[in-house]
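Student: Handing you this structure, nothing more for now.
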Amino acid sequence: MADLTHDMPDMAQFSARIRETRKARNMSLDDVAGAAGFTKSHVWELERGSSRNPTVRAVWSLARALGVSPAWLLGIETDKSPIDPLALEVAALIDRRVRARL
């Protein structure tokens, strides 16, 4: 029988990547929550690892809010975006502002 745990996302890495990316983008928990359509407490639970089974919607929404790919957030992709981090921060800010107007 195949070992499927090797192909499973590392949830500790997922949580760490949320936190590190949020801080690198100078985003508060409220910023991420608003951009992802979640409550601040839900983002905090995901970031500290107390929510162990994020939904597909959660992964996609967080990735969009943070300006990263869902695969990178889950640790499936290991390479960071070739786009400059400042450009990603600006893009995430613009996305949040546009979504707030809708």
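Student: Check the range 63-73 and report whether any residue there is without any contact (Cβ under 8 Å) to a residue 12 or more places away in the chain and buried (at least 18 other Cβ atoms within 10 Å of the Cβ). Reasoning before the result, please.
Tutor: Let us first name the residues in the range 63-73 that are without any contact (Cβ under 8 Å) to a residue 12 or more places away in the chain, namely 63, 70-71.
Those still in the list that are buried (at least 18 other Cβ atoms within 10 Å of the Cβ) too: 63.
Yes, the range 63-73 contains a residue that is without any contact (Cβ under 8 Å) to a residue 12 or more places away in the chain and buried (at least 18 other Cβ atoms within 10 Å of the Cβ).
Student: Also, quick follow-up: Quick one: how many residues across the range 51-69 are of a type in the set (S, T, N, Q) and within 13 Å of Met11 (Cβ to Cβ)? If you could, list the steps in order and put the result at the bottom.
Tutor: So the first thing to find is which residues in the range 51-69 are of a type in the set (S, T, N, Q), and the list is 51, 53, 55, 61, 69.
From what is left, the residues that are within 13 Å of Met11 (Cβ to Cβ) are 51, 53.
Qualifying residue count, the range 51-69: 2.
Student: Would you check if Ile76 is part of a helix (DSSP H, G or I) and modelled with pLDDT of 80 or more? Steps first, please.
Tutor: Values: part of a helix (DSSP H, G or I): no; modelled with pLDDT of 80 or more: yes.
Considered against the rule, which asks whether it is part of a helix (DSSP H, G or I) and modelled with pLDDT of 80 or more, Ile76 comes out as no.
The values are calculated or read from the model by the stated rules, or taken from the named source; none is laboratory data. Please read these numbers as outputs of a predicted model, since none were measured by experiment. Neighbour counts run over all protein chains shown; Cβ positions are idealised from the backbone, glycine included.
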